Amino acid sequence: MLDIALLPGEYAVCRMVAGSTLPYALSSGLRGADVVTVSWTSDGISVICPIDRAPAQAVLETTWRCLRVTAPVALAAGSLAALVDPLAEARVSAVTFSTFDTDYLLVPTVRLTEGTAALQRAGHRVTG
């Protein structure tokens, strides 16, 4: 069982053209619970951030809600599988990413109720 916190506000999953410059607003003045992650590949730049920080030149598909595993997680602990499997069974899409300390999971805003219910049925505690 994992303790999971629903972060406030909506998030964007963004795609930017390879070689784009990231806007300063992504890193400046982050608020308490804000999370921003950036991945670079030769195909492009992916950004996950609060919706109000989404780069103007980015392509966004939908809005998401962000869930964070509240306790530090060992990198090999398998917590992502424990989160993604119940969502897959409930047919709720998910985007995941990890930091050194914990895991994050995004579900579409329109499926938040179904997603949190699936996680709770799997024995996880969701707060927020």
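Quick notes on this one:
- Our coupling estimate for segment 5-12, obtained by passing each phi through the Karplus curve with A = 6.51, B = -1.76, C = 1.60 and θ = phi - 60°, is 10, 7, 6, x, x, 9, 10, 10 Hz, Gly and Pro reported as x.
- Given (i) 50; (ii) 59; (iii) 44, the label whose value is percent of Cα pairs over 20 Å apart derived from this model: (iii)
- Rounded tilt (10° steps) of 79-89 against the dominant C-alpha axis of the chain: 80
- Cβ-defined net charge surrounding R31, 15 Å radius [Lys, Arg +1; Asp, Glu -1]: -1
- Estimated from helical segments only, the mean residue ellipticity of the chain at 222 nm is -5000 deg cm²/dmol, where each DSSP H run of four or more residues counts as -39500 (n - 2.57).
- Near A12: Cβ cut-off under 13 Å, other residues only, Lys/Arg at +1 and Asp/Glu at -1. The net charge is -1.
- What the Cβ-Cβ distance of L112 and S42 gives, at R0 = 30 Å and to the nearest 0.05, is a FRET efficiency of 0.35.
- For the chain, relative contact order (Cα pairs under 8 Å, six or more residues apart, normalised by length) works out to 33 percent.
- Pairwise label distance in nanometres, A71 with A18, each label 7 Å out on the Cα-Cβ vector: 4.2
- Segment 2-20 and segment 49-128 have Cα centres lying 9 Å from one another.
- Karplus-based coupling profile of segment 102-118, in residue order and whole Hz: 7, 10, 10, 9, 10, 10, x, 3, 5, 10, 4, 4, 5, x, 5, 5, 5, with θ = phi - 60° in 6.51 cos²θ - 1.76 cosθ + 1.60 and x standing for Gly or Pro.
- For E114, net neighbour charge (Lys/Arg +1, Asp/Glu -1) across residues whose Cβ lies under 13 Å away: +3
- Ranking R111, R15, R91 from most to least accessible surface, computed with a 1.4 Å probe over the protein chains only, gives R91, R15, R111.
The values are calculated or read from the model by the stated rules, or taken from the named source; none is laboratory data. What you see is a predicted model; the values in this text were computed from it and never measured. Don't worry about glycine lacking a Cβ; one is built from the backbone with ideal geometry, like all the others, and counts go over all protein chains shown. Just so you know, the surface numbers come from the protein's heavy atoms only, side chains and all, with ligands and any DNA or RNA stripped out. Shrake-Rupley method; radii C 1.70, N 1.55, O 1.52, S 1.80 Å.
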